[in-house]
Amino acid sequence: QTRSLLGVFEEDAAAISNYINQLFQAMHRIYDAQNELSAATHLTSKLLKEYEKQRFPLGGDDEVMTSTLQQFAKVIDELSSCHAVLSTQLADAMMFPITQFKERDLKEILTLKEVFQIASNDHDAAITRYSRLSKRKENEKIKAEVTEDVYTSRKKQHQTMMHYFCALNTLQYKKKISLLEPLLGYMQAQISFFKMGSENLTEQLEEFLTNIGTSVQNVRREMDCEVENMQQTIEDLEVASDPLYLPDPDTTKFPAHRNLTRKAGYLNARNKTGLVSSSWERQFYFTQGGNLMSQARGDVAGGLVMDIDNCSVMAVDCEDRRYCFQITSFDGKKSSILQAESKKDYEEWICTINNISKQIYLSENPEEIAARVNQSALEAVTPSPSFQQRHESMRPAVQSRPPAARTSSTGSLGSDSTALSALSLDSLVAPDTPIQFDIISPVSEDLPGQAKSSGQSGRRTNPFGESGGSKPETEDSILHQLFIVRFLGSMEVKSDESPDVVYETMRQILAARAIHNVFRMTESHLLVTCDCLKLIDPQTQVTRLRFPLPNVVLYATHQENKRLFGFVLRTSGGRVESRQTSICYIFESNNEGEKICDSVGLAKQIALHAELDRKASEKQKEIDRVKEKQQKELNKQKQIEKDLEEQSRLIAASSRSNQSSTEGQFVVLSSSQSEDSDLGEDGKKKRESE
């Protein structure tokens with residue numbers, strides 16, 4: 001930016017020089033040739049009228065200058081008919097100021113420009129020699145000489161640059177003075193020569209010239225005040241910048257800033273020129289979002305060097321040079337070796353690229369989050385047994401978590417969560433539980449009730465419904481929502497009743513990733529249905545993991561970084577048999593995690609309502625079966641009663657026919673009536689039927 005702005009100032013100085021040369025030639029014609037006075041004044045008037053057509057890059061007050069010069073042009077055009085001007089008055093009042101500006105001020109700008117260019121070249125040469133220094137101690141004498149050379153050249157460049165910039169700024173005021181003073185002197189000479197001129201010009205001209213003279217004095221006083229301020233600023237900068245002239249300042253006095261998410265500065269880039277040979281090129285590098293950019297001197301804009309999202313960065317030893325580090329892209333196909341000028345820049349570049357690789361720059365307060373992540377990386381205890389013993393003595397006590405700015409989206413089948421301050425670390429996370437950073441087959445082996453029972457592991461799945469001979473289990477699901485997620489890690493937890501379990505698991509996994517520089521994440525498609533959650537490979541559409549929805553007992557988003565979310569899966573079996581285990585899975589999404597949690601909550605509600613409807617339907621069917629059975633019994637009873645009535649009618653008809661029989665038979669029946677009285681009603685009916 002400084003060199004681009006300097007180019008604008010230099011272009012403006014060249015335009016001023018070009019214009020002043022033309023104006024000087026016009027005024028010189030007035031001085032040299034009184035016979036051509038009318039033509040020379042006409043040319044001067046013409047040039048003044050063309051001032052508004054000039055395109056000065058720094059012409060901030062063009063309107064005022066244009067109106068003033070237009071008025072001068074009008075007056076000079078009226079005086080072009082005059083034929084005599086005293087040479088002495090013209091030499092003293094008109095030619096001297098513009099000659100001084102042309103010969104002294106403009107040449108001073110050119111001289112300072114050459115000196116600045118020489119100092120800049122000397123500084124570049126000194127930096128190049130300094131970058132080639134070896135790390136061996138026997139080169140201390142050479143190192144001291146080269147360091148002194150860098151200090152001297154950098155100080156010389158800085159001082160020359162400040163004086164050059166001061167001269168360029170002063171030139172803007174001198175431009176106004178060099179334009180106004182010759183014109184003022186010329187008009188005063190004309191008035192003196194013509195003995196105050198004609199009456200129609202004198203009264204108007206006196207007031208105009210008085211105003212211009214006052215303006216020139218005001219501009220001069222303003223220039224003197226500005227020059228004094230710039231001189232004081234130069235002195236203050238020289239004192240304050242003295243420690244910065246050293247190429248490698250003391251890191252105890254100037255510590256590295258480790259929470260940056262943006263960085264810019266000069267680096268030496270290693271370029272291979274052969275199988276064993278290489279060259280180093282010094283360029284200006286800067287970060288832009290998740291990209292590393294470089295810009296050569298003179299280029300209008302920077303070019304892309306590498307995408308540093310999810311990249312890895314490490315310190316390396318390269319060709320006996322100090323402060324070298326290597327950046328490798330997330331897919332490992334591209335790498336670049338760079339060299340910083342000092343230890344401070346070296347540490348800041350590594351920390352900045354490391355922060356960018358975690359995509360912290362996408363948050364609202366990136367530096368604050370970077371500071372918190374780095375602090376967590378230093379204080380966190382990784383639960384993996386391979387390094388838990390190493391840090392056992394460094395385990396911090398669980399402190400109270402500050403209240404979140406916004407309420408996170410959570411869901412649970414257990415009781416309400418208690419404050420994290422009331423829970424210890426061991427009550428949330430099993431102390432000897434390793435952290436799994438990638439999705440691999442041992443998860444299915446440890447959780448047989450999860451993946452093996454489903455029969456979906458390793459099977460190609462269409463997330464929006466399958467077609468084929470076998471009917472998929474999600475075909476009848478009324479909810480199908482797909483999200484792009486990246487798996488951060490999973491670990492076994494002791495509790496599944498509080499969202500703080502998810503928060504603590506997020507902290508543990510992020511801290512472990514930061515400590516061990518694990519930046520690569522597996523991207524998957526998370527399919528949410530009313531039956532289960534599925535992790536699907538976006539390339540092959542193969543189901544990596546399947547989580548039954550009834551087993552998902554808890555889900556929550558991060559309290560501050562809403563892109564992080566996790567859920568707890570309750571399964572049977574695990575490291576200890578015959579008991580239920582809970583495993584917390586942590587993911588990062590492209591969208592807000594609250595949307596995923598809301599989708600999971602909706603799926604559980606739909607599943608709950610479907611289960612209630614199923615139970616209600618079964619109960620209604622059971623009631624219908626009971627009613628049908630009762631109706632069948634009632635119909636059977638009615639049929640029996642109907643048969644009995646029919647039999648009674650047949651018996652009555654038979655008895656009437658028997659009464660019309662012989663009297664002998666009647667006597668027999670009469671004698672048998674005494675016996676019928678002893679037999680009862682049933683006996684009577686039997687007898688009558690006989």
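For this structure, a couple of remarks:
- For residue 243, the criteria (1) within 22 Å of residue 165 (Cβ to Cβ); (2) under 39 Å from the mean Cα position of the chain (by Cα); (3) touching a residue at least 12 places away in the same chain (Cβ under 8 Å) hold in every case but one, which is (3).
- Set 113, 155, 135, 143: member being free of Cβ contacts under 8 Å to residues at least 24 places away in the same chain and either crowded, with 16+ Cβ neighbours inside 10 Å or out of contact with any Gly (no Cβ under 9 Å at 6 or more places or on another chain) (or both): 143
- Taking the range 234-352 and the strands (runs of 3 or more DSSP E) fully enclosed by it, the elements with 1 or more residues that are exposed (fewer than 15 other Cβ atoms within 10 Å of the Cβ) are at 264-272, 278-288, 303-307, 312-315, 335-339.
Matching residues to (1) loosely packed, with under 13 Cβ neighbours inside 10 Å; (2) at pLDDT below 85:
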{"residue": "583", "(1), (2)": "no, no"}
{"residue": "617", "(1), (2)": "yes, no"}
{"residue": "623", "(1), (2)": "yes, no"}
{"residue": "633", "(1), (2)": "yes, no"}
{"residue": "670", "(1), (2)": "yes, yes"}
{"residue": "675", "(1), (2)": "yes, yes"}
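- Each residue in the range 507-553 was checked for being over 26 Å from residue 329 (Cβ atoms) and either outside the structural domain of residue 492 (by the TED database) or acidic (Asp, Glu) (or both), and 1 of them qualify.
- Residue within the range 186-205 that is under 25 Å from residue 5 (Cα atoms) and modelled with pLDDT of 80 or more present: no
- Flag if residue 593 is at pLDDT below 85, under 30 Å from residue 361 (Cβ atoms) and open to solvent by less than 10 Å² (accessible area, probe 1.4 Å): yes
- Test: residue in the range 108-127 that is over 30 Å from residue 247 (Cβ atoms) and either touching a strand residue (DSSP E or B) at 6+ places or on another chain (Cβ under 9 Å) or among the hydrophobic types (A, V, I, L, M, F, W, C) (or both): yes
The values are calculated or read from the model by the stated rules, or taken from the named source; none is laboratory data. Small disclaimer: the values here were computed from a predicted structure and weren't measured. Every residue, glycine as well, gets a Cβ built from its backbone with ideal geometry; the counts of neighbours run over all protein chains shown. For the accessible areas, the whole protein counts, side chains as well, though only heavy atoms, and no ligand, DNA or RNA atoms are used. Shrake-Rupley method; radii C 1.70, N 1.55, O 1.52, S 1.80 Å.
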